Amino acid sequence: MTAANGADGAGAANGADGTRSLLTLTDVVKHFPVRQSVVQRGSAAVRAVDGVSLSVTEGETLGIVGETGCGKSTLARCASRLYPLTSGRIDFDGQDITGLSRRQLRAVRRNVQMVFQDPFSSLNPRRRVGSIIADPLVIHGTVPRAELRARVQELMELVGLNPEHYNRFPADFSGGQRQRIGIARALGLQPKLLICDEPVSALDVSIQAQIINLLADLQDELGLTYVFIAHDLSVVEHVSDRVAVMYLGKVVEIAAAERLYAAPRHPYTAALLSAAWIPDPDQATAREQIVLSGEVPSPVDPPSGCRFHTRCPWAQPRCAAEEPPLLPAPDAGSHLTACHFPLAAGQTVPPTRSTL
Amino acid sequence: MTAAPAASELALDVRDLHVSFPTPDGVVRAVRGASFQVEPGSTLAIVGESGSGKSVCAQTLLGLHAGADVTGQALFGGRDLLAMSEDALRKVRGAEISMIFQDPLTSLHPLHRVGWQITEAIGAHQPVTRREARTRAIELLDMVGIPRPASRVDDYPHQFSGGMRQRAMIAMALALRPSLIIADEPTTALDATVQAQILQLLQQIQHDHGTALLMITHDLAVVAGLADTVLVMYAGRPVEIGDRRTVYRTPHHPYTRGLLGSVPGAGGSIKKRLVPIPGQPPSLIQLPAGCPFHPRCPFAFDRCETEEPSLRPVAGAGGHVSACWLPAESARAAQPLDAEGSHP
Amino acid sequence: MTTTMPIGGAATEVVVAQVIEARSPWQLAWRRIRRDRVALISACYIGLVVLLAIFAPVIAHIVGHGPDTQYLQTGLTPQGLPRPPSGTFIFGTDDLGRDVFVRTIYGARISLLVGAASSLSAVTVGVAIGLLAGYFGGIVDIVLARLVDVVLSLPFLLAAIALEVVVGPSLLVSIFVIAFFSWAAVARIVRGQTLSLRETEFVEAARSLGASDLRIMVIDVLPNLAAPVIVYTTLLIPSAIVFEATLSFLGLGVVPPTPSWGNMLSESLGFYQVAWWFIVFPGVALLTTTVAFNLLGDAVRDALDPRGDRLLAAIRKRR
């Protein structure tokens, strides 16, 4: 996994030093209307993604973390054009794919594939596994019928499944194996970009590790680019080159993985990191914990100004009034933070402490 | 840890618990001889993955095991929970032992107000008036950190967010000041920041009321911060028991080591390649002969294939036991972690 | 393979991780139904009725009586009343001296034929419309759903009578009428199922692969509809049979002298005081066949949807 210093902001198809940006999102907005009735005036909307700009460099792994309601799953589906955008722009491999028709999108789909979260519901229980994996090949007609089975078995071996089992049903496989089936299905068309929406969250710890290693190996072997969405911070840190943190539909911080975890600048990132219990007994109890008050506000009615200000221990009056833009850190142009008062390095203890 | 305390001092003393279910495919032996103790005011964490039997263990203690064959003893305050009648168990449930489940949306009744559910729980065990119970319910909601408890007490579960529902469950669990709380994956369904709040709450409750906590979880990170004693379960049996620091820093059983190696960051640098346990957990109907872990164990030798090891003491910290044929000293030899998380 | 066992209040999954034997969902269902004694008895009975219906002419030949032939000499008493069951006339005769036994068996033909044909057509139309409405939503759904509502709110008997008066009663019209009033309920069920299937992750995955709508409907959604559709079809047949009997009873079904259980019952009304066999045998035939189909339908539903009966078993054991 190569470290990427390419374009982090919006728009540019090529980074400052020439590394190629494979996927670029510019001000992507996705709202879901809530109950449009003839009687009700105006339309309330779930503002799932509310202006996200980022880009993914070829060959890297971009991790996206956030909690429930932050919009990361919606963003994934927007990026793969499963959902039409409310507004904004998506560029893939230099081509604007925002407004493409379904037929035009088919060609794009060969290069962008998704791996889904739930190994139990992302596979049709009434279809045989071989048929499921062959689906993309049949739809796009890339493999002649006579060679289908061979190709499917090839893919099964690639992901660590027994190729003899291609006539079985998903119910005959364990969770980890089903996830492998999902990955095999996604790889059938030899895509360039794989968007993984919580690919290991539903798996046991030991199986998670197997799948994480599989994804890493496949990336090396096939030269894939990943967008890796998860809520488990240690997993994201492990797999990613760069990480974006989302809160209530917006990206609040984006930086190289090591930098983000060592010296977060956004208060939410700091809280999230401190809330993640570390599997080391001494560090776990010795560490100061930033425990946030309250719950995540509803995406239908997000707070004014900086969306995090209602729960932020460092909030000031300006935060409620003005929404902070994503700005680079003074010492690292690729580390962007959306905060009026970003944290200094090492500043992790908020003014009001909660300790035990 | 010194010599095992006398039985009457323990909050819970489980001896040789066996739970199995008949199914069309064969008998599923979900729990095969589990013995453990929970000391008053302390936390025992039972860690395991799917199929380890940890949830079945917990649910059996409270009689929630319809259709299962159960043998063994679960001594609570001198009485055997497994031998009690349904009526006697009902008196114990809620009052002396409470349970917190994973998904509060399905364990709270969706059609009754939250306050009503708490008052019902209180009223089932104590002769209190409606008003007294309601006051207590509001007190409890306040204690667990629900804002504006006097008005929220009349809300329905769906009007609470996930974290608040879990708090309400905890409030219900606390209503009668139990001496033991059994928490079955209490934070798995919650976001990280909310999880932190709930765990902090549980710690505070323990601190304030001296309640013992039996926590079932698969999350090693949660255990690292919360548990006093850790019990690792695999294929229906405990395979390692020890205090928290010992198990994390000098694990003996290869499964425990494998688990720790599967978590990013647990074995050193976060970017270091994970060393997962190969293969999958065994079927509880057709267990391998000998040690159930041997097909996946990098250290297995011939004895492992024929004889299943019992829990044997491990050299080092007292009370550390492991169900493994490897020599007792091998825990020290196998790469203990020092404070910075790197190898010495 | 995973096995789910309900434990206590929350159904917790005890995961049995190893692959024991590869079995398709259909094989599992078949296994379940094979163990259900009631289902087997009902199936055997229906099989018997079907065989009798198929070989009706053969049986008539063996017995020596035709279904429409009036045996005025041997079939009626000297007073001109129907004869009771005897060696020659196993179920007795009717008011015109016809063999009730042979007529009952021929009546089975009509019932089964109409029952099967109308159910299958109703299900075909219902699935197609329900699938389209549920999958596409929007204006398609609005139009089709309203159509379903209209058909469901038509008073079937009145409409059936009106239609048959205009067109004239016959076998084909009976099938059409029954199918016309049955498809809407199927469409509604299928629409509901399709709505929820549309939101599943595997349908989302198919879309992300670039599959066309038609492909998704046929390959991904339809197989998952098979189970409820089969159950509904099996339960639709007995109601179609009763529907047909009702129509024949009112003189709107098959044209006499062709025997149908419905018109036999109608003809027997005037004679039940003197000829109990005339009303009992066709009535019992209708009753038992309908009950057998209903029981079989329940068993099929239990076999295809095991969660229901596991819960029941758990509740029973707890007591």
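The values are calculated or read from the model by the stated rules, or taken from the named source; none is laboratory data. None of these values were measured; they are calculated from a predicted model. Quick reminder, even Gly has a Cβ in these numbers, built from the backbone with ideal geometry, and neighbours come from all protein chains shown.
Worth a mention:
- Top-ranked residue of region A:152-199 - restricted to ones that are within 9 Å of another protein chain (Cβ to nearest Cβ) and charged (D, E, K, R), ranked as farthest from residue A:134 (Cα to Cα): A:172
- Taking the listed residues C:291, C:221, the one that is at pLDDT 90 or above and loosely packed, with under 14 Cβ neighbours inside 10 Å is C:291, with no other qualifying.
- Count of region A:259-297 residues which are of a type outside the set (Gly, Ala, Ser) and at pLDDT 75 or above: 13
- Each residue in region A:242-277 was checked for being of a type outside the set (Lys, Arg) and more than 10 Å from chain B (Cβ to nearest Cβ), and 21 of them qualify.
- Residue within region B:232-246 that is part of a helix (DSSP H, G or I), farther than 24 Å from residue B:277 by Cβ and within 10 Å of another protein chain (Cβ to nearest Cβ) present: no
- Residues in region C:187-205 that are among the aliphatic types (A, V, I, L, M) and facing another protein chain (nearest Cβ under 7 Å): C:205 only.
- Region B:161-177, subset surrounded by fewer than 21 Cβ atoms within 10 Å (Cβ to Cβ) and in a loop (DSSP other than H, G, I, E, B), residue farthest from the other protein chains (Cβ to nearest Cβ): B:177
- Odd one out for residue B:33 among (1) buried (at least 21 other Cβ atoms within 10 Å of the Cβ); (2) more than 14 Å from every other protein chain (Cβ to nearest Cβ); (3) farther than 29 Å from residue B:204 by Cβ: (1)
- Top-ranked residue of region C:150-163 - restricted to ones that are free of Cβ contacts under 8 Å to residues at least 12 places away in the same chain and not aliphatic (A, V, I, L, M), ranked as surrounded by the fewest Cβ atoms within 10 Å (Cβ to Cβ): C:153
- Hey, residue C:265 part of a loop (DSSP other than H, G, I, E, B) and either without any contact (Cβ under 8 Å) to a residue 40 or more places away in the chain or aliphatic (A, V, I, L, M) (or both) or not: no
- Residue satisfying condition, being free of Cβ contacts under 8 Å to residues at least 12 places away in the same chain, more than 14 Å from chain A (Cβ to nearest Cβ) and more than 24 Å from the chain's Cα centre (by Cα), within set B:135, B:119: B:135
- Whichever residue in region B:57-115 is among the polar types (S, T, N, Q), within 13 Å of chain C (Cβ to nearest Cβ) and under 17 Å from the mean Cα position of the chain (by Cα) and, among such residues, is surrounded by the fewest Cβ atoms within 10 Å (Cβ to Cβ): B:102
- Residues being surrounded by fewer than 24 Cβ atoms within 10 Å (Cβ to Cβ) and part of a helix (DSSP H, G or I) - total across region A:240-270: 6
- Selection within region A:30-60: residues that are aliphatic (A, V, I, L, M) and either at pLDDT below 60 or in contact with an Asp or Glu (Cβ under 6 Å, 6 or more places away or on another chain) (or both). The member of this set that is nearest to residue A:77 (Cα to Cα) is A:38.
- Matching entry among C:109, C:83, C:98, C:146 (being basic (Lys, Arg) and closer than 21 Å to residue C:174 by Cα): C:109
- If you check A:85, A:100 for being under 22 Å from residue A:298 (Cα atoms), surrounded by fewer than 24 Cβ atoms within 10 Å (Cβ to Cβ) and among the aliphatic types (A, V, I, L, M), only one passes: A:85.
- Residue in region A:184-194 that is surrounded by 23 or more Cβ atoms within 10 Å (Cβ to Cβ) and in contact with a Cys (Cβ under 9 Å, 6 or more places away or on another chain) present: yes
- Residue in region A:216-235 that is in contact with a strand residue (DSSP E or B) (Cβ under 7 Å, 6 or more places away or on another chain), in a helix (DSSP H, G or I) and not β-branched (Val, Ile, Thr) present: yes
- Scanning region B:262-281 for residues that are out of contact with any helix residue (DSSP H, G or I) (no Cβ under 6 Å at 6 or more places or on another chain) and at pLDDT 85 or above yields one hit, B:273.
- Residue A:71 touching a residue at least 60 places away in the same chain (Cβ under 8 Å), in contact with a strand residue (DSSP E or B) (Cβ under 8 Å, 6 or more places away or on another chain) and farther than 20 Å from residue C:208 by Cα: no
- Test: residue in region B:11-30 that is part of a loop (DSSP other than H, G, I, E, B) and hydrophobic (A, V, I, L, M, F, W, C): yes
- Just one of (1) in a strand (DSSP E or B); (2) under 25 Å from residue B:194 (Cα atoms) fails for residue B:225. It is (1).
- Of the residues contained in region C:247-260, one or more are found to be crowded, with 18+ Cβ neighbours inside 10 Å, modelled with pLDDT under 90, in a helix (DSSP H, G or I) and under 17 Å from the mean Cα position of the chain (by Cα).
- Residue under evaluation residue B:223, criteria (1) under 12 Å from the mean Cα position of the chain (by Cα); (2) away from chain A (no Cβ under 13 Å), criterion not met: (2)
- Any hit, region B:79-95, residues being in a strand (DSSP E or B) and closer than 30 Å to residue B:130 by Cβ: yes
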